[in-house]
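The structure appears right after this line, and notes come after that.
Nothing in this text is a laboratory measurement; each read-out follows from the coordinates by a stated rule. Since the structure is predicted, the reported quantities are computational estimates derived from the model, not experimental observations. Backbone-built Cβ (ideal geometry, glycine too); neighbour counts: all protein chains shown.
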Amino acid sequence: MTRLSLFNSPLLLGFDHFERTLDRVAKSSIDGYPPYNIEQTADDRLRITLAVAGFSTDDLTVQIEDNQLVVRGKQTDDRERVYLHRGIAARQFQRSFVLADGIEIAGAALDNGLLHIDVIRPSVEPKIRTVEIRQGDRATQATRQIDLPKAKAAD
């Protein structure tokens, strides 16, 4: 069975990476733990807040992997304790957020069971560029100049 793609149009050139990004987003949103908020703190700033009660800074990692913000938490059981009732389990999680190009992480802080991650979203200036149109033989030469080099044959 073939999958219907939003980016199959011949008018959308070079957008195949968006489809892969959407697949990653769909996979990462299945698990609802830990709950999180995303708020706008200024025109160019966002804050992601994750509810990570019971986790210490040693139990948490925040990393950027291929334009993806990945937050991992891992708690370990304390073998010394004897529980009469165990309602709070030690657990682990991974929560991912896909980042657009240019997004920067300003920092992270743990406060009262909430992990705050500050994000800077730079403003995007519109870019306009005029492409020169050539005629005749010069157009063929220009096309040859931008051809990608061919891979060398293995020796």
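By other beta-carbon atoms within 10 Å, ranking ILE117, ILE38 with the fewest at the front produces ILE38, ILE117.
Segment ASP59..ARG129, full-extension length gain: 20.3 nm, with 0.36 nm per residue of separation and the alpha-carbon distance subtracted. Within the range 35-106, the GluC sites (Glu not before Pro) that combine a DSSP coil assignment with at most 14 other C-beta atoms in a 10 angstrom radius are GLU65, GLU80. A simple spin-label model places pseudo-atoms 7 Å from Cα toward Cβ; at ASN37 and ARG81 they are separated by 2.7 nm. Sparsely packed loop sites in the range 46-144 (the chymotrypsin sites (Phe, Trp or Tyr not before Pro) outside DSSP H, G, I, E and B with at most 15 other Cβ atoms within 10 Å) comprise TYR83. 3J(HN,Hα) along the range 74-89, derived from phi through the Karplus expression 6.51 cos²θ - 1.76 cosθ + 1.60 where θ = phi - 60°, amounts to 9, 9, 10, 6, 8, 5, 6, 7, 10, 9, 8, 9, 10, x, 10, 8 Hz, with x in place of Gly and Pro.
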